[in-house]
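Enquirer: Got a structure for you, questions after.
The values are calculated or read from the model by the stated rules, or taken from the named source; none is laboratory data. Note that this is a predicted model, so its numbers are computed, not measured. Note: ideal-geometry Cβ built from the backbone for every residue, glycine included; neighbour counts use all protein chains shown.
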Amino acid sequence: MLNSAEVRWFFEGDIEAAVDAWFRAEPIAELRAENRRDDYLVFPGSESVGVKLRDRDGPQAGKFEVKASIGAAETVTLAAEVHGRADSWSKWSFATVDWERWVSAISTGADAEPTWVGTDKRRMLRKFSLDTGTALEVDPAGESRPVNGCSVEIVRLQVGAATWWTFGFESFGSRFDVRSNLRAVASHWFETRGVLDARFRVTHSVAYPTWAGTFAE
């Protein structure tokens with residue numbers, strides 16, 4: 001089981017050149033980038049659980065992932081003109097071998113037909129460690145595995161003919177530290193790189209399960 005806190009923003013359309021350059025500025029190592037397909041199982045009206053098949057047909061066979069919210073979401077201010085919704089999660093990962101059995105067990109109603117939203121992703125990742133007490137960028141593809149820290153990511157999303165992108169923070173550590181870890185790295189990010197513009201508002205900030213649900217309506 002993994003614990004995390006997340007805040008992210010979703011925008012319709014492709015990633016703008018200025019946003020891409022802002023994200024890529026001054027990395028300590030080559031940015032980690034990956035292409036994969038994630039399939040989200042939608043529970044209409046639910047924002048407290050997320051279920052997905054992660055890269056099911058990928059070279060490493062993918063994973064079946066379930067995450068549940070722990071505690072209420074909160075609105076956070078991370079910098080001037082940067083406001084978002086922070087959620088805390090516990091996540092479990094399983095081999096995809098028995099994913100159909102898992103879906104059958106968690107789907108509601110004997111006649112319920114699971115609704116899946118397939119998403120093709122181009123994901124770029126940066127990672128920060130807080131193990132020394134301050135935010136220090138580490139190589140996301142290296143052997144370093146911080147105990148406390150936070151990933152920063154920007155992802156191009158394709159759902160059918162619709163193109164979106166998301167920018168967000170996903171912290172890790174104990175369940176008691178993940179929200180403070182998120183705040184520490186997010187504050188460091190905006191202090192050192194600037195806010196870019198005023199687009200990071202609460203109105204654009206939701207969790208992945210909520211965003212995926214908009215394509216199943």
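Enquirer: Restricting attention to strands (runs of 3 or more DSSP E) lying wholly within segment 134-217, give those where 2 or more residues are touching a Cys at 6+ places or on another chain (Cβ under 6 Å).
Expert: 162-172
Enquirer: Then there is this: Looking only at segment 165-217, which residues are touching a strand residue (DSSP E or B) at 6+ places or on another chain (Cβ under 6 Å), within 15 Å of Val152 (Cα to Cα) and of a type in the set (Val, Ile, Thr)?
Expert: Once the filter is applied, which keeps residues that are touching a strand residue (DSSP E or B) at 6+ places or on another chain (Cβ under 6 Å), within 15 Å of Val152 (Cα to Cα) and of a type in the set (Val, Ile, Thr), segment 165-217 yields Thr166, Val178, Val185, Val195.
Enquirer: Next up: Residue under question is Gly194, and the condition is that it be in contact with a Gly (Cβ under 9 Å, 6 or more places away or on another chain), small (Gly, Ala, Ser) and at pLDDT below 95; does it hold?
Expert: no
Enquirer: Out of the residues in segment 156-169 meeting the condition of being surrounded by 20 or more Cβ atoms within 10 Å (Cβ to Cβ) and touching a Ser or Thr at 6+ places or on another chain (Cβ under 8 Å), tell me which one is farthest from Asp38 (Cα to Cα).
Expert: Within segment 156-169, the match that is farthest from Asp38 (Cα to Cα) is Phe169.
Enquirer: Counting just the residues of segment 16-40 that are under 21 Å from Arg85 (Cβ atoms) and of a type outside the set (Asp, Glu), which one comes out surrounded by the fewest Cβ atoms within 10 Å (Cβ to Cβ)?
Expert: Val19
Enquirer: Further question: Which of (1) loosely packed, with under 15 Cβ neighbours inside 10 Å; (2) at pLDDT 95 or above does Ile106 not meet, given it meets every other one?
Expert: Exception for Ile106: condition (2).
Enquirer: Output the residues belonging to segment 130-150 that are more than 22 Å from Arg201 (Cβ to Cβ) and buried (at least 20 other Cβ atoms within 10 Å of the Cβ).
Expert: Answer for segment 130-150, where residues must be more than 22 Å from Arg201 (Cβ to Cβ) and buried (at least 20 other Cβ atoms within 10 Å of the Cβ): Leu130, Pro140, Asn148, Gly149.
Enquirer: Answer yes if at least one residue in segment 152-159 is modelled with pLDDT of 95 or more and touching a Leu at 6+ places or on another chain (Cβ under 7 Å), and no otherwise.
Expert: Yes, segment 152-159 contains at least one residue that is modelled with pLDDT of 95 or more and touching a Leu at 6+ places or on another chain (Cβ under 7 Å).
Enquirer: Something else: Which of the following residues is under 25 Å from Val159 (Cα atoms), at pLDDT below 75 and surrounded by 15 or more Cβ atoms within 10 Å (Cβ to Cβ): Trp89, Trp99, Trp116?
Expert: Criteria check complete, one pass: Trp99.
Enquirer: Would you say Gly71 is at pLDDT 80 or above and part of a loop (DSSP other than H, G, I, E, B)?
Expert: Against the criterion (at pLDDT 80 or above and part of a loop (DSSP other than H, G, I, E, B)), Gly71 qualifies.
Enquirer: When segment 35-59 is examined, which residues are found to be in a loop (DSSP other than H, G, I, E, B) and in contact with a Phe, Trp or Tyr (Cβ under 8 Å, 6 or more places away or on another chain)?
Expert: Selection gives Arg56 alone.
Enquirer: Okay, next question. Exactly one of (1) among the small types (Gly, Ala, Ser); (2) at pLDDT below 85; (3) surrounded by 14 or more Cβ atoms within 10 Å (Cβ to Cβ) is unmet by Gly50. Its number?
Expert: (2)
Enquirer: Between residues in segment 22-37 that are under 24 Å from Arg54 (Cα atoms) and residues that are part of a loop (DSSP other than H, G, I, E, B), which pairs lie under 6 Å by C-beta distance while being six or more apart or on different chains?
Expert: Within 6 Å, the pairs are Arg32/Pro140; Arg32/Ala141; Arg36/Asp55; Arg36/Gly58.
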